[in-house]
Structures are given as structure tokens and as C-alpha cells.
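In what follows, a structure is listed as C-alpha cells, so that the remarks can point back to it.
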Amino acid sequence: MHEFTASSWIVETVAREAVKLGVKEVKEVHVVVGKLSLLRVEQVEFWYDVLKEGTVLEKSKLVVSLEEGVVRCPSCGYEGPIEVVDDPAYHLVFPSLRCPRCGDLVEVVRGRDCRIVRIVAVRESSS
């Protein structure tokens with residue numbers, strides 16, 4: 001249900017901001033999902049479509065961009081991507097947190113977030 005929580009956060013955050021800004025209708029919500037966030041995009045889209053019903057986002061489209069994961073190894077200085085294991089038999093996606101160069105544990109630099117980057121909306125007319 002990780003995806004349900006992320007989708008709820010997206011819908012609630014955009015709806016709250018729409019009220020503050022006097023938005024009549026949200027057309028698009030652009031989000032960036034890091035590949036190391038362990039979110040399955042198709043599930044985020046599914047829950048978004050369910051949760052937006054009856055809100056100012058009801059007719060909106062969710063636009064998802066993926067962000068590559070980047071790690072840094074404190075031992076050898078490697079900085080770059082790591083292997084992400086996608087096991088369809090168990091519906092699991094998980095990163096290998098070992099350096100591809102030396103095998104030590106790495107620190108995640110980028111790619112573990114889910115963030116809203118743009119909202120396209122129509123404001124209520126002032127007349």
C-alpha cells in the first residue's frame with residue numbers, strides 16, 4: 001500500500017493548494033518519482049485515478065517522470081547508478097545497496113523521492 005499512501009499525499013496536497021489559490025479545476029499534476037522510491041508507477045496512477053474522484057482533480061491527468069537513482073560509495077568514491085532488482089514473481093522492486101565497483105555499502109544521493117513539480121489548473125473567474 002506504499003503507492004496508496006503516495007497517491008493520497010499527491011491528491012490531498014494538490015487539493016489543499018487548489019482551495020488556497022481559488023482553483024476551479026486541475027488539468028494536470030506533474031510528479032517526479034525516483035527509481036529508488038520503490039513506487040510502482042502503474043499503481044500510483046491507479047490509486048490517483050480512484051482518489052481524485054469527487055475532487056477538484058477529478059478531470060486531471062497525472063504525468064509521471066522517472067528520476068534515475070544515484071548513489072555514492074564512501075569507500076572507493078564511486079558515484080553513479082546501482083542495480084535495481086525487479087522480481088515480477090513476487091511483485092518486488094528493490095535496489096542493491098552495494099557499490100558496483102567495490103561491494104561496500106553506498107549512500108543514496110538521488111532518486112528516492114516522490115515530489116510534485118508542476119500543477120496545471122484553471123482559476124475561478126473573479127467576476
- Test: Gly22 is outside the structural domain of Phe94 (by TED's automatic domain parsing), in contact (Cβ under 8 Å) with a residue 24 or more places away in the chain and either surrounded by 15 or more Cβ atoms within 10 Å (Cβ to Cβ) or within 22 Å of Arg98 (Cα to Cα) (or both): no
- Task: For segment 50-95, enumerate the residues that are aliphatic (A, V, I, L, M), farther than 30 Å from Ala121 by Cβ and modelled with pLDDT of 90 or more.
- Result: Val70, Val71
- Item | Filter result for the condition that a residue is charged (D, E, K, R) and in contact (Cβ under 8 Å) with a residue 24 or more places away in the chain, over Asp104, Asp86 | Asp104
- Note on the structure: Reported set for segment 64-111 where residues are under 20 Å from Ala6 (Cβ atoms) and in contact with an Asp or Glu (Cβ under 9 Å, 6 or more places away or on another chain) is Val64, Glu67, Leu92, Val93, Phe94, Pro95, Arg110, Gly111
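The values are calculated or read from the model by the stated rules, or taken from the named source; none is laboratory data. The model shown is predicted, which means the values in this text are computed figures rather than measured ones. Neighbour counts run over all protein chains shown; Cβ positions are idealised from the backbone, glycine included.
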